[in-house]
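Only one structure is covered here, and it is reproduced in the block below.
All of the numbers you see were taken from the coordinates with simple rules; none came from a lab. Treat the numbers as computed from the prediction; the structure is a model and nothing was measured. Using ideal geometry, Cβ is built from the backbone for each residue, glycine included, and neighbour counts are taken over all protein chains shown.
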Amino acid sequence: MREAQIIRRASTGDAEAVRQLYERYAPRVYAVVRRIAGCDDLAQDYAQEAWIRAIRALPTFRGDARFSTWLHRIAVNSALQALRKSKTRRTRQAPMPDAVPVGPRLGDSLLQSRLEQALDRLPDGQREVLILHDVEGYTHEEIGDTLGVTSGTSKSQLSKARAKMRGMLDGLNENIEEREAWNGI
Amino acid sequence: MERHLTLEALARLVDEAATRDEHAHLADCEECRGRLDALREQTAALGQLPDVRPPRGDWAVLEARMASEGLVRPEPNLLQRLASTPGWMRVAASVVLFAGGVGVGAGLDRMAPADTRPALASGAARSQGGVSTVALETATVSTADAAADLVRIKEREYRDALVQFAQLSEGEGTAPNPEARMASLDYAIVSLQAGLQEAPADPVLNGFLASMLAERDNTLRQISNTTEYF
């Protein structure tokens with residue numbers, strides 16, 4: 001069935017059509033929401049909220065943009081709003097124990113794991129800009145609109161985030177090398 | 001040599017042009033060039049992070065929430081779908097199922113060793129190695145009236161099986177039993193597949209089979225949800 005048909009049926013409350021949309025886009029939605037949330041506990045709630053909002057708004061989807069883009073924007077905005085409301089961020093340590101990466105887009109899974117860990121440890125503001133720009137491909141103007149900041153602020157935050165992440169990755173690399181030396185690897 | 005460029009300044013140079021001073025420094029400083037290269041690699045790697053499958057059970061929670069908020073209509077169960085099917089199509093489907101069932105039953109009977117034939121012919125469901133298998137009853141009739149009687153009997157049995165399946169699906173009056181549900185679904189799937197051998201393009205049978213297979217997947221997921229994580 002074509003996507004337009006599935007969307008039309010889903011917008012009328014057809015559970016099977018909604019499930020098809022979910023199966024198609026859940027990994028994409030969960031990935032961006034998980035990275036913005038910075039931890040698994042919040043990520044699942046944020047993802048659910050994003051889907052609820054999207055399904056509620058489905059009757060207003062006119063097809064001007066691609067559905068994936070429309071859904072992605074809802075997921076990002078929903079997660080950012082939820083993060084603003086969340087005052088009790090927990091210390092983030094574990095790198096996505098329950099989540100499963102989909103598809104080998106990165107050859108080096110160790111590098112991928114380090115990147116995810118470092119992302120989780122960035123301050124919220126820097127992490128949001130870094131995710132939106134370097135992971136999701138937003139422009140600084142789009143980030144400004146989404147986060148309610150100027151594009152200059154977005155650029156400044158991005159440089160800080162990249163530098164901080166580089167420092168953390170170097171630290172992580174050193175830790176791993178130390179551990180390997182201790183283990184005689 | 002002048003002081004090294006800060007990491008923040010190098011981070012800006014990942015996708016912005018360097019000033020003349022920065023350019024001159026980079027031309028002379030291997031360390032800063034190396035750090036800039038590392039930042040570029042980091043940025044490229046971030047752009048290739050993979051999508052992430054949600055945790056197990058996410059859809060079930062979401063589906064329940066959407067249903068509670070009235071965002072989706074619950075999917076009709078098999079009996080509701082059957083009830084919305086025109087009567088003549090239901091009769092036709094039953095006849096085709098019966099014909100297919102007899103064919104499969106006869107095939108199973110021929111394949112089975114002689115000493116097991118009575119057991120197969122009894123139509124009982126058996127379990128081997130945790131997998132439920134169903135043998136369809138075979139029958140031989142010699143007159144049109146006897147065949148018509150047999151069709152009516154088989155149709156009634158088929159409907160009884162559907163009712164039993166629906167009760168198990170809905171959990172009416174009994175605790176949910178996924179294994180029993182699986183056995184019922186397997187029985188219905190075998191029947192439908194047998195019927196489709198006779199009428200492979202039949203939309204009603206294909207619809208029922210797709211529903212059954214989806215229900216079977218759901219039940220299988222329910223069973224595996226209670227036992228282990230992937």
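Descriptive notes on the structure:
- Net charge of neighbours whose Cβ lies under 14 Å from the Cβ of residue A:5, counting Lys and Arg as +1 and Asp and Glu as -1: +1
- Label zone (residue A:170, point 7 Å along Cα-to-C-beta; backbone nitrogen cut-off 16 Å) within region B:9-52: B:9-14, B:29-43.
- The calculated FRET efficiency for residue A:64 paired with residue B:222, based on their beta-carbon distance and R0 = 41 Å, is about 0.55.
- The label-point distance for residue A:121 and residue B:17, in a model that sets each label 7 Å from Cα toward Cβ, rounds to 3.7 nm.
- Unit charges on C-beta of K, R, D, E only; dipole of region B:7-46, Debye: 80
- Difference of contour (0.36 nm per residue) and Cα-Cα distance, residue A:45 to residue A:8: 10.7 nm
- Modelled spin-label separation between residue A:24 and residue B:179, with each label point placed 7 Å from Cα along the Cα-to-Cβ direction: 3.9 nm.
- For region B:1-53, GluC sites (Glu not before Pro) meeting the loop criterion (DSSP other than H, G, I, E, B) and having at most 14 other Cβ atoms within 10 Å: B:2, B:16.
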